[in-house]
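Shown next, in structure tokens, is the structure this report addresses.
The values are calculated or read from the model by the stated rules, or taken from the named source; none is laboratory data. Note that the structure is predicted; figures quoted are calculated from it, not measured. Glycine gets a Cβ as well: all are built from the backbone with ideal geometry, and neighbour counts include every protein chain shown. All accessible areas refer to the heavy atoms of the entire protein, side chains included, with ligands and DNA or RNA removed. Shrake-Rupley method; radii C 1.70, N 1.55, O 1.52, S 1.80 Å.
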Amino acid sequence: MRADVDVRPVAGRRDRATFRDLPARLHAGHDAFVPMLDAALAAVLDRRRNPFWTHAEAREWIASVKGVPVGRIGACVDRDLLARAPGCGVVGFLDAPEDPAAARALFATAEAWLRERGCTRARGPLNYSIHDTAGVLVDGSDAPPTVDTTWNPPYVPRLWEENGWRGARDMLGAAGNLETGGPERARRFAERVRRQGVSVRPLDFGRFEADVAAIREVYNAAWDANWGHVPVGAAEFAYKAKDLKAVLDPDLVRLAEQDGRVVGFFLGLPDLNPAIARSGGRLLPLGWWRLIRAKRTARRVRVLALGVVPGHRARGVEALLLSDSFAAIGARYPWCEASWVLEDNAAMMNGLALYSLYPYKRWRLYEKGL
């Protein structure tokens, strides 16, 4: 390890600001870079308010060369993940220059911290959960990221691989221009499902907490068998939903119901990244105004999730949700990205292709034995 690389833990307000600002300093010359919104980062790392920290602990570090900060990393031990993947810790928030020595020092520090806590393997990048931003962009770094997705320069996958990490799963992003209404055959099939007693409605802000609770139940049931999934508790899910509430468009969050029960949901967000980029990731002094304005004027949308409870799969509920949701999206948002989709989820990729959404980005999750 090169002697002039110093890695120190984040301690105090000044270090937290350095940790927050380091990606912008490192990637300022890249047109595609968009910083994480400072309030979003603070919400994830808030040990007092975020319920995630009732079952997890973490540490962050900053790497410096000759006193100048050049990189950052974090490591986390999540007891909920350990229950699903024994011995597995998490590495995330890696931002490093194209400098093997700096990357090696950062990885070594994070991995040592995990080993000290009994971890025998690690997964990453997760910031710090599969339900937050995740993955290394391995294809598509020339395109700017949509809201709440990760971006990195092309050399970053090499940093992981040179330090002994191996690809575990790839996730895809599919995108394209939507035709209002979608293909005729998809509409006809969706109408048959509707006649079987399945209805779709937008999110109701008047009963926001109840709708969020119903979505959480579907989310945990629908993803239970997926690789890497960790069930989300009620308090944690509500915390995330509250964080998103101000930027949600209820037409982009749709719930499928049958016999008075929510059996599926579709979740999309207006792509606010252009406004976040203009504000440098800051809510103050004018960032909040730009976000509110961007919510009204956005012409791009990111689809984050579509889930159906296992007992209602293969009955066309997914097709109805896609048809109904894309009709609403296409009426206002001409361009759409759906991400992330596990690469082996052929059914979802085929469904997206019906609406002319095709893969254009790929993210990779890595694992390493410790």
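Residue farthest toward the positive end of the dipole of segment 73-171, with Cβ of Lys/Arg at +1 and Asp/Glu at -1: which of GLY164, PRO153, ALA96?
Farthest along the dipole direction, towards plus: GLY164.
Sequence-distant or interchain residues sharing an amide H contact under 5 Å with ARG169, placed H: which?
Under 5 Å from the amide H of ARG169 lie the amide H atoms of LEU365, each far enough along the sequence or on another chain.
What are the aspartates and glutamates whose alpha-carbon lies under 17 Å from the alpha-carbon of LYS295, with same-chain residues fewer than 8 places away excluded?
ASP148, ASP243, ASP249, ASP251, ASP271, GLU337
Seen from all sides and averaged, what is the projected area of the convex hull of the Cα atoms in segment 319-370, in nm²?
Details: hull surface 19.1 nm².
Spelled out: convex hull of the Cα atoms, projected over all directions, averaged, 4.8 nm².
Which residue, ALA256, ALA314, ALA102, has the most motion in a Gaussian network model of the chain that connects Cα atoms within less than 10 Å?
Per the Cα network of the chain with a 10 Å cutoff, ALA314 tops the list.
Excluding LEU252 itself, what net charge comes from residues whose Cβ is under 10 Å from its Cβ, given Lys and Arg +1 and Asp and Glu -1?
Details: positive: ARG254, ARG302, ARG332; negative: ASP249, ASP251.
Counting the neighbours of LEU252, the net charge comes to +1.
State the percent of C-alpha pairs, over all pairs in segment 76-221, separated by a distance greater than 24 angstrom.
Numbers: 5638 of 10585 pairs.
Everything past 24 Å amounts to 53 percent.
Pull up the DSSP beta bridges for the chain and report the antiparallel fraction as a percent, rounded to 5. All intermediate terms of the calculation are to be shown ahead of the outcome.
Values: 60 of 67 bridges.
DSSP beta bridges in the chain are roughly 90 percent antiparallel.
Given all pairs of different Cα atoms, what value in angstroms does the Kirkwood hydrodynamic radius of the chain take?
Working: mean 1/r = 0.0467 Å⁻¹.
For the chain, inverting the mean 1/r across all distinct Cα pairs yields 21.4 Å.
What residue among GLU161, GLU191, GLU116 shows peak mean-square fluctuation when the chain is described by a Gaussian network model with Cα springs under 10 Å?
GLU116
Could you run the Karplus curve 6.51 cos²θ - 1.76 cosθ + 1.60 with θ = phi - 60° over segment 250-265 and give me ³J(HN,Hα) per residue in whole Hz, x for Gly and Pro?
These are the phi-based 3J(HN,Hα) values: x, 5, 9, 10, 10, 10, 9, 10, 9, 6, x, 10, 6, 10, x, 8 Hz.
Under 5 Å between amide H atoms, partner at least 5 residues away or on a different chain: which partners does LEU137 have, H built in plane at 1.01 Å?
Counting only residues 5 or more places away or on other chains, the set is ASN152, ARG364.
Determine the order of GLU217, GLU111 by accessible area, beginning with the largest, at a probe radius of 1.4 Å. Display every interim value, and only then the final one.
Working: GLU217 125, GLU111 15 Å².
My answer, sorted largest first, is GLU217, GLU111.
From the mean inverse distance of alpha carbon pairs (Kirkwood) and the Cα radius of gyration, derive Rg over Rh for segment 53-105.
Details: Rg = 13.7 Å, Rh = 12.4 Å.
A ratio of 1.11.
Can you give the convex hull volume per residue for the Cα atoms of segment 1-157, as a whole number of Å³?
Once divided by residue count, the hull of segment 1-157 is 117 Å³.
Would you mind getting the accessible area per residue of segment 15-60, heavy atoms of the protein chains only, 1.4 Å probe, in Å²? Intermediate results must be reported in sequence, preceding the final value.
On the way: 2330 Å² over 46 residues.
About 51 Å² of surface per residue is accessible.
Alpha carbons only, please: Rg and Dmax for segment 144-235, in angstrom.
19.5, 55
Going through segment 1-102, which trypsin sites (Lys or Arg not before Pro) have at most 16 other Cβ atoms within 10 Å and a DSSP loop state?
Numbers: sites: ARG2, ARG13, ARG14, ARG16, ARG20, ARG25, ARG47, ARG48, ARG49, ARG59, LYS66, ARG72, ARG79, ARG84; in loops: ARG2, ARG47, ARG48, ARG49, LYS66.
The qualifying sites are ARG2, ARG47, ARG48, ARG49, LYS66.
How high is the relative contact order of the chain, given as a whole-number percent (alpha carbon pairs under 8 Å, six or more residues apart)?
Numbers: 708 pairs, mean separation 84.9, N = 370.
23 percent.
Given the -39500 (n - 2.57) contribution per DSSP H run of 4+ residues, what per-residue ellipticity at 222 nm results for the chain, rounded to the nearest 500 deg cm²/dmol? All intermediate terms of the calculation are to be shown ahead of the outcome.
On the way: 12 runs with 129 residues, N = 370.
About -10500 deg cm²/dmol.
Take every DSSP beta bridge with both residues inside segment 38-181 and express the antiparallel ones as a percent of the total, to the nearest 5. Mind showing how you got there, number by number?
Values: 15 of 18 bridges.
Among the beta bridges of segment 38-181, antiparallel pairing accounts for roughly 85 percent.
Which cross-chain or sequence-distant (5 or more) residues have an amide H under 5 Å from the amide H of GLY89, H modelled 1.01 Å from N in plane?
Correct list: THR120, ARG121, ALA122, ARG123.
For segment 252-352, take the alpha-carbon Rg, divide it by the Kirkwood Rh, and send me Rg/Rh. Let's see the in-between values first.
Working: Rg = 16.0 Å, Rh = 15.0 Å.
My calculation puts Rg/Rh at 1.06.
Applying the Karplus parametrisation 6.51 cos²θ - 1.76 cosθ + 1.60 with θ = phi - 60° to the phi angles of segment 315-322, what ³J(HN,Hα) value in whole Hz is obtained for each residue in order, glycine and proline being reported as x?
Result, ordered by residue: 10, x, 5, 4, 5, 5, 4, 4 Hz.
Apply the Karplus curve 6.51 cos²θ - 1.76 cosθ + 1.60, θ = phi - 60°, to the phi angles in segment 233-240 and return the couplings in whole Hz, x for Gly and Pro.
x, 4, 5, 5, 5, 5, 4, 5
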